[in-house]
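The values are calculated or read from the model by the stated rules, or taken from the named source; none is laboratory data. From a predicted model like this one, the values you see are computed outputs, not experimental measurements. Here Cβ is always computed from backbone atoms with ideal geometry, including for glycine, and neighbour counts include all displayed protein chains. The accessibility values were calculated without ligands, DNA or RNA, using every heavy atom of the protein model including side chains. Shrake-Rupley method; radii C 1.70, N 1.55, O 1.52, S 1.80 Å.
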Amino acid sequence: MKLRTLLTVSCWLLISFCIEGKEISLTFDDAPLPGSSVMSGTDKTARIIEGLKSQQVEDALFFVTTGNIRDEKGVARLNAYSQAGFHLGHHSHSHSSLNKLEAKEYLLDFYRAHLMLQNYENVMRLHRFPFLHYGEMLEKRRIVKAGLDELDYQVGYVTVDNFDWYLNGKFLEAHSQKKSINYEKLKEVYISTIWQAIEFYDNIALKSLKQNVKHVLLLHENELAALFIGDLVEHIKRNGWKIISPREAYTDELLAPYKMEYTFNKQGRVAAIAHNKGVDKSSLRSEAENKDYLDDLLKKNEVFK
Ligand SMILES: [Zn+2]
């Protein structure tokens with residue numbers, strides 16, 4: 001075998017080995033978020049379902065903020081996700097931070113959302129803390145965890161945090177100001193920054209946890225997802241990753257158990273465990289989770305003019 005061929009084959013084998021076993025599931029927070037000047041809420045839901053189906057994504061999880069269900073259209077949007085075979089999770093009623101509420105107040109809000117979710121199909125008993133705020137004091141975390149346990153809820157943690165919500169805000173602002181929008185560049189920025197976050201948190205898993213994990217990607221049920229979710233999934237798959245169901249992701253033996261000793265939860269479960277093993281917080285946040293960084297990127301790419 002020629003040296004060049006040998007090198008090519010070796011590189012290919014090395015890459016295959018490194019990406020083997022890479023798995024990620026998709027979750028969308030705050031559903032049903034209202035529509036905007038870009039598209040109606042109903043249209044947004046239809047496009048997200050279409051985008052996921054176009055990439056043969058069989059399951060995804062929509063974390064519902066029940067306070068966002070304002071009318072029959074909101075109800076219909078959640079039913080559309082269930083009917084498409086996707087699942088719904090619990091993201092509170094009022095989207096309040098547990099770092100600001102008393103445990104009892106938080107649980108009252110939690111029960112209200114729990115009762116409202118009884119009206120829907122395909123609901124998983126997973127609770128995602130708004131803002132990923134798990135409570136700033138151990139006692140508070142304990143009381144709320146006991147409340148979740150009583151109703152058989154697990155914590156719907158994430159492993160890949162990112163700023164898709166910030167980019168979406170910038171997009172809506174530019175659209176309402178009637179700026180000209182370069183959609184191709186907008187798509188590139190959306191995909192590249194989320195991909196950057198996926199690689200960042202996966203590297204922490206490999207370095208600090210010393211293993212591949214079943215990832216949970218945090219997205220929001222927003223306009224950018226409606227426009228580009230199919231392209232994002234295609235990009236992830238093109239890089240050798242497999243899309244798995246959230247149900248499967250939440251069986252990860254290392255990540256799934258929520259432990260009181262995790263005190264740094266804001267950047268997701270991989271970062272929480274790495275921090276618990278002694279890694280400094282400053283190295284557990286990806287570069288793309290920074291407003292100045294994203295503003296520069298949008299400017300450099302002339303996304304809005
Ligand atoms: Zn949220």
message: Yes or no: the range 81-89 includes at least one residue that is part of a helix (DSSP H, G or I) and within 20 Å of the chain's Cα centre (by Cα).
response: yes
message: Give me the residue from the range 234-292 that is basic (Lys, Arg) and within 30 Å of Lys170 (Cβ to Cβ) and, out of that set, surrounded by the most Cβ atoms within 10 Å (Cβ to Cβ).
response: Arg269
statement: The residue from Val160, Val189 that alone is open to solvent by less than 50 Å² (accessible area, probe 1.4 Å) and farther than 19 Å from Thr27 by Cβ is Val189
message: Can you say whether Leu217 is crowded, with 23+ Cβ neighbours inside 10 Å and in contact with a strand residue (DSSP E or B) (Cβ under 9 Å, 6 or more places away or on another chain), as far as the supplied structure shows?
response: yes
message: Looking only at residues that are within 16 Å of the ligand (Cβ to nearest atom) and part of a loop (DSSP other than H, G, I, E, B) in the range 212-238, which one is farthest from the chain's Cα centre (by Cα)?
response: Asn222
- request: Scan Ser208, Ser192, Ser245 and give me the residue that is of a type in the set (Gly, Ala, Ser) and free of Cβ contacts under 8 Å to residues at least 40 places away in the same chain.
  value: Ser192
query: Taking the range 114-138 on its own, how many of its residues are touching a helix residue (DSSP H, G or I) at 6+ places or on another chain (Cβ under 8 Å), within 26 Å of Tyr262 (Cβ to Cβ) and among the acidic types (Asp, Glu)?
result: 0
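Considering each of Ile191, Ile198 in turn, give the residue that is part of a helix (DSSP H, G or I), within 24 Å of Leu255 (Cβ to Cβ) and out of contact with any Gly (no Cβ under 8 Å at 6 or more places or on another chain). Quick ask: steps written out before the conclusion?
On the way: Ile191 fails: within 24 Å of Leu255 (Cβ to Cβ).
Only one candidate qualifies: Ile198.
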query: Of the residues that sit in the range 68-100 and are away from the ligand (no atom under 15 Å from the Cβ) and of a type in the set (A, V, I, L, M), which one is farthest from Gln154 (Cα to Cα)?
result: Ala76
message: Is it the case, given these coordinates, that Ile191 is at pLDDT 95 or above and in contact with a His (Cβ under 7 Å, 6 or more places away or on another chain)?
response: yes
